[in-house]
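The structure appears right after this line, and notes come after that.
The values are calculated or read from the model by the stated rules, or taken from the named source; none is laboratory data. None of the values given here were measured: they were computed from a predicted structure. All Cβ positions, even for glycine, are placed from backbone atoms using ideal geometry, and neighbour counts span all protein chains on display. Ligands, DNA and RNA are stripped out before the accessible areas are found, and what is left, the full protein with its side chains, is counted by its heavy atoms. Shrake-Rupley method; radii C 1.70, N 1.55, O 1.52, S 1.80 Å.
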Amino acid sequence: QRKSEQRFRTLADNISQMVWIVDKNGKPVWVNKRWHDYTGLNVEQLQDGRRSDIHPDYTHVTESFQEAVKNGTEWEEVYPIRNRKGEYHWFLTRAVPIYNEYGDITYWFGTNTDISEQRKIEEELLESRQRLQGIFDNAAVGIVEVNHDDIFIEVNRRICSMLGYSREELIGKPVYDITAPEDLAHAQEVNNRIHTGEIDMIDYEKRYIRKDGSRLWVHVSLSAVRDYAGKHLRTVRTIEDISERKKAQEVANRSETILKQAGTMANLVAWRIDFINGANQDDNPLEWSEQVYLIFGYQPGSVNVDND
């Protein structure tokens, strides 16, 4: 038994973890070399109550462990421990009860594993996620994620404002439920091409139906997210409101149509050439209205119009 104990101590003194043993009441009876080297405390000092010197939240740690001792259950906590330089590192602490041949708890065997680097990485990842979430929520354009079934799984504030829905109302709703019927077939075709892997990115224009029933013209950019095997998982979409641009375009188209009709009825023709921009004659080609072609007996656009 003495040789076994010696082998155990030798092994425990040469591992990277801090190892300790307390009796059935939680009183320290042994610590390994790693524990002593890190904290600078020996068993006698720990028995004298010096544990509070290295735990900033000593009361909580003690109460938590005593609850495990009382119930005879395994114990696990994450908390900082101060080293002999006064620096705090984060440790994952685990303890299990040791039973004698009669089934009674005689000791508790515990380990402290330094997880400071892991904790630092987790904090950096959390900070990065929070920063990305801030960008996502406050973007000037709508940003959404849809799953493989084209159902909203995440939306930002801008798209909610554009469509008049709350986040809760959009999450779980199929994209097609708010797609204008006249654009539904094209939207399904585009999404199928994304799903099958034919394309990974595409952008196009479509109309959404707002909560109040009105139409919203948008420019949608789709980007596929796939697994390592290329299987489609979800699609990220950025959505820009182009309603004002569409209105201006419609007004311009109507004006152009009216001018063409007026020119045809009055048999008026128009041509244009810019002499200011460009150094050479051919820098700015001549432009004819449709009526110019017609009075010369050509179909509009059927012959090449050049400056000569």
Exactly one condition in (1) farther than 30 Å from Ile209 by Cβ; (2) at pLDDT 70 or above; (3) among the polar types (S, T, N, Q) is not met by Ser243; state its number. (1)
Qualifying positions in segment 196-222 - among the acidic types (Asp, Glu) and either touching a Leu at 6+ places or on another chain (Cβ under 6 Å) or under 16 Å from Met162 (Cα atoms) (or both): Glu205, Asp212
Every pair of residues 6+ apart whose Cβ atoms lie under 6 Å, when the first sits in segment 216-230 and is closer than 30 Å to Lys247 by Cα while the second is part of a loop (DSSP other than H, G, I, E, B) and open to solvent by less than 40 Å² (accessible area, probe 1.4 Å): Trp217/Ile242; His219/Ile242
Counting only residues in segment 87-106 that are hydroxyl-bearing (Ser, Thr, Tyr) and surrounded by fewer than 16 Cβ atoms within 10 Å (Cβ to Cβ), the one nearest to Val61 (Cα to Cα) is identified as Tyr88
Taking the options Ile121, Ile135, name whichever one is within 23 Å of His219 (Cα to Cα), out of contact with any Cys (no Cβ under 6 Å at 6 or more places or on another chain), part of a helix (DSSP H, G or I) and among the aliphatic types (A, V, I, L, M). Ile135
Of everything in segment 99-117, what is in a strand (DSSP E or B) and free of Cβ contacts under 8 Å to residues at least 24 places away in the same chain? Give them in sequence order. Tyr99
Quick one: how many residues across segment 85-107 are more than 14 Å from Met18 (Cα to Cα) and not acidic (Asp, Glu)? 13
With criteria (1) within 14 Å of Gly110 (Cβ to Cβ); (2) surrounded by fewer than 17 Cβ atoms within 10 Å (Cβ to Cβ), Trp20 comes up short on (2)
What are the residues in segment 23-75 that are open to solvent by less than 80 Å² (accessible area, probe 1.4 Å), assigned to a loop (DSSP other than H, G, I, E, B) and closer than 29 Å to Gly103 by Cα, if any? Gly26, Asn32, Gly72, Thr73
Counted residues, segment 92-120 - those being charged (D, E, K, R) and modelled with pLDDT of 90 or more: 2
Tell me yes or no: at least one residue of segment 119-142 is in contact with a Pro (Cβ under 8 Å, 6 or more places away or on another chain) and either of a type outside the set (Phe, Trp, Tyr) or loosely packed, with under 11 Cβ neighbours inside 10 Å (or both). no
In segment 143-159, what residues are open to solvent by 20 Å² or more (accessible area, probe 1.4 Å) and not in a strand (DSSP E or B)? His148, Asp149, Arg157, Arg158
When restricted to Thr257, Thr196, the only residue open to solvent by 50 Å² or more (accessible area, probe 1.4 Å) and modelled with pLDDT under 90 is Thr257
